[in-house]
Amino acid sequence: MQRFLVGGAVRDRLLGRPAGDRDWVVVGATPAEMLECGFAPVGRDFPVFLHPETHEEHALARTERKTAPGYHGFVFHAAPEVTLEEDLARRDLTVNAMAQDEEGRLIDPFGGAADLAARVLRHVSDAFAEDPVRILRLARFAARWPDFSVAPETMALVRRMVAAGEVDALVAERVWQELSRGLMEERPSRMFEVLREGGALARLLPEVDRLWGVPQPSEHHPEVDTGVHLMMVLDMAARLQASLAVRFACLGHDLGKGETPAAELPRHRGHEERSVALVQALSERWRVPAACRELAEVVAREHGHVHRSQDLGAAALLRLLERCDALRRPDRFDELLLACECDARGRTGHADDPYPPRERLGAALALARGVDTAAVAAEAAQRGLSGPVVGDRIHAARIRAIAQGLPADA
């Protein structure tokens with residue numbers, strides 16, 4: 001029995017980056033022998049065990065055979081005679097197909113170290129084409145390491161996979177898992193650019209894919225192209241260390257511009273409501289978590305009003321806060337404002353601009369929430385008032401608080 005450190009831990013060590021979880025491959029063992037050594041079984045599809053002391057995952061060396069389309073269409077074979085090289089050969093990219101023995105010696109049968117040095121993402125073998133999830137992983141790694149290029153032969157293989165319909169067999173859970181991870185990488189735009197170049201974006205996220213080539217008014221968008229703008233917004237969200245919900249909201253905020261009638265270009269009247277509908281459809285298709293979906297919907301609907309809120313009076317400001325459910329959910333409203341800031345700064349020449357609406361709306365919300373609603377209701381009761389009238393008085397009190405507490409030029 002031999003064990004080898006494999007995958008990301010080896011790769012990150014060679015890159016000089018902090019390693020995350022350590023995964024091991026065990027060669028020459030059976031499941032019974034692993035149990036005898038105190039390992040705890042955890043794998044359902046193939047034999048994976050937890051070390052009795054470190055609790056790190058140890059998988060028996062295995063091979064796999066494609067039997068049906070999609071992610072689940074595999075038969076795995078784990079046996080003592082399976083070699084380390086056979087196990088590494090089934091991995092996705094050469095940079096992930098390296099191992100180290102317990103003395104720290106590198107085993108690199110597919111040139112992963114050379115590809116790391118050259119900053120290239122390259123598939124290990126044509127077995128890459130058997131698992132469509134690997135297209136998403138490739139794009140995610142491109143977002144993690146924006147200075148890495150995709151090998152031409154790998155991109156050609158991705159295009160063949162898309163043409164063969166492999167991505168159409170992907171299940172929602174795996175698509176969202178990889179998309180959400182990619183959104184949280186250093187440069188999310190690279191994920192979408194790689195997917196678009198390989199043809200996969202049009203199949204997985206056609207709402208996003210169709211934004212390239214759609215013009216916008218140059219006085220507001222010097223970059224003009226809506227797809228280019230969207231990528232700048234996503235990268236601004238990464239720069240500002242936004243949450244996943246904010247980044248997904250950024251992804252969906254302008255989807256409706258892809259359905260603007262040609263006669264109405266480059267203006268996009270009504271794109272907000274179209275964006276909401278498209279965010280809902282996309283979220284349903286890929287089973288996006290509720291928190292991400294709900295924030296994306298309100299950002300899609302209200303981002304234009306937020307941008308123009310500097311010109312709003314107290315009553316209009318309160319109506320905007322109420323539409324955004326800001327009084328009840330101030331934390332989500334703060335995320336909405338951050339998404340709007342990413343939108344405003346994700347434009348050519350505006351990356352370092354201040355975003356005054358965020359401060360002004362935040363101040364307006366604090367003033368509105370500072371109203372003692374219980375006192376207002378008690379006073380109304382003393383006057384014999386009840387029902388909707390009490391709500392009207394609370395609403396009026398909040399407008400007064402905003403008008404009195406917010407400077408006109410704030």
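Only the coordinates and a few stated rules stand behind these numbers; no lab work does. Note that this is a predicted model, so its numbers are computed, not measured.
Two tests apply to each whole DSSP H helix in the chain, Cα reach of 24 Å or more along its axis and mean Kyte-Doolittle hydropathy of at least -0.5, and the ones passing both are 290-307, 388-405.
Amide H contacts under 5 Å for E56: H51, restricted to partners 5 or more places along the chain or on a different chain, H placed in the peptide plane at 1.01 Å from N.
Mean sequence separation of contacting Cα pairs (under 8 Å, at least six apart), scaled by the length of the chain, corresponds to a relative contact order of 10 percent.
With the convex hull drawn around the C-alpha atoms of the chain, the volume per residue stands at 189 Å³. Rounded to whole Å, give me the distance from the Cα center of the range 257-294 to that of the range 74-110. With the range 257-294 and the range 74-110 each reduced to a Cα centre, they are spaced 44 Å.
Computed from Cα atoms alone, the Kirkwood hydrodynamic radius reported for the range 243-347 is 14.0 Å. Between F333, F192, F49, the residue with the greatest mean-square fluctuation in the GNM of the chain (Cα pairs under 10 Å linked by springs) is F49. Considering all different alpha carbon pairs of the range 90-218, the Kirkwood hydrodynamic radius works out to 15.4 Å. Stokes-Einstein diffusion for the range 1-113, with the hydrodynamic radius set to the Kirkwood value over Cα pairs and evaluated at 20 °C in a medium of 1.002 mPa s, equals 147 µm²/s. Near the amide H of V150, within less than 5 Å, lie the amide hydrogens of L121, all on another chain or at least 5 residues away, with H placed in the peptide plane. Full extension of the chain segment joining A378 with D147 gains 76.9 nm, where the gain is 0.36 nm per residue of separation less the Cα-Cα distance. Once the chain from A262 to R308 is taken as fully extended at 0.36 nm per residue, the excess over their C-alpha distance is 14.0 nm.
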